[in-house]
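The values are calculated or read from the model by the stated rules, or taken from the named source; none is laboratory data. These numbers come from a predicted model, not from an experiment. We place every Cβ from the backbone using ideal geometry, glycine too, and count neighbours over all the protein chains shown. What goes into the accessible areas is simple: the full protein's heavy atoms, side chains included, and nothing from ligands, DNA or RNA. Shrake-Rupley method; radii C 1.70, N 1.55, O 1.52, S 1.80 Å.
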Amino acid sequence: MSYTNEILAQDVSTVKQLSLFLKNGTFIVSLAAIAQVYVISVFLSIQLNAAVGIAPLLAFGVYGINNLTDSEEDFVNQPWNSQYSRRWNRFIGVLSVVLHFVGVGIAFYYGSLVAGLLSLIPLTAQLVYSSAWLPFKEIKRLKQVLVLNSFIVAGAWVVKVVALPIALTTNHVPLDTAIAAGLFIFVRWFMSVEVANVPDIHGDISANVDSVPIKYGIDGTRRIMYGLEILSALVLSYLLVTVETPIAVLVVLPILVYTATAEYLFCREGWAEYLSISWDVSFVLMGIVVAGADFLTGLPGGFF
């Protein structure tokens, strides 16, 4: 029996249910948003600002709304979770919209017009990404287009956790450092989207959604992820010699070893359903290790 069929079985284990719920839930992405704003603020030596509160609100809102728009695919991949989402459809939808626009309101209140407009981009990207507006017979949504779908999601994360902190600060941020930090975040979230697609192959196929795991298989996806791990390390190496506090970058490098290990262990039948949650935890781990370095050395832009 394949891992997808195991998920569809009635006796799904509690551990698998928890893993899959967190994978598509908004809790992890909200924590990841806080951690990533913190990490980027330390990388760029800018004082923590309202972005650390705005980003998780935007993430919760966008992902909560996305879970509802993706209910057809989710019903194939994880029927118990889709049924749960449908049962609480009104509550989840209202809460997601409210929290999202609370974040937008804070961005307009504490920042400039630029910060407010930036806060509107992630939801706009999600609606453009998920809505059936393309005038083609087979392809109605950008989400169905290979790689482009992951580019849109990753780009929205760059706006939330890199562009917003910069827009809300009065500090000078060197352009090359900001671009490198944005590229790092972009690559990591591109990877996150594609590893999340590994256990979703059957649902994506039924919805005519293309992805790297569908195109290249699980083994091919793992090799592509290894290549992107190397690219991530190269970007961090550049930041290592350009940022004001290289210790913050140095402590993040081992997290790439963690994610590569997760790809090695879980990119295979029987284990793939654990890949996304174990991988997305890495965003929170980055925040933890940078906080540790901040506590010990007192980094610009940090908590301590």
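Using a 10 Å cut-off on Cβ atoms, rank the peptides 41-53, 163-175 from the highest mean neighbour count down. Display every interim value, and only then the final one.
Numbers: 41-53: 22.8, 163-175: 18.3.
Descending packing order for the listed peptides: 41-53, 163-175.
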So, with points 7 Å from each Cα along the Cβ direction, the Thr297-Tyr264 label distance in nm works out to 2.7
Per residue, what accessible area does the stretch 22-297 have, given a 1.4 Å probe and all protein chains present, in Å²? 42
What's the extension gain from Thr124 to Val98 if we count 0.36 nm per residue and subtract their Cα-Cα distance? 7.8 nm
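Tell me, in nm to one decimal, what length is gained between Thr242 and His172 on full extension, where the rule is 0.36 nm per residue of separation less the Cα-Cα distance? Before the final figure, lay out each step's value.
Working: separation 70, 0.36 × 70 = 25.20 nm, distance 1.42 nm.
Gain on extension, Thr242 to His172, equals 23.8 nm.
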Figure the gain on full extension for Lys137 and Tyr110 (residue separation times 0.36 nm, minus the Cα-Cα span) and round it to one decimal in nm. 5.3 nm
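Return the carbon/sulfur percentage of the accessible area of the stretch 86-166, one whole number, probe 1.4 Å, all protein chains in place.
Details: 3230 of 4330 Å².
In the stretch 86-166, the share of accessible area belonging to carbon and sulfur is 75 percent.
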How much solvent-accessible surface does Asp219 expose, in Å² to the nearest 10, with a 1.4 Å probe and all protein chains in place? 80
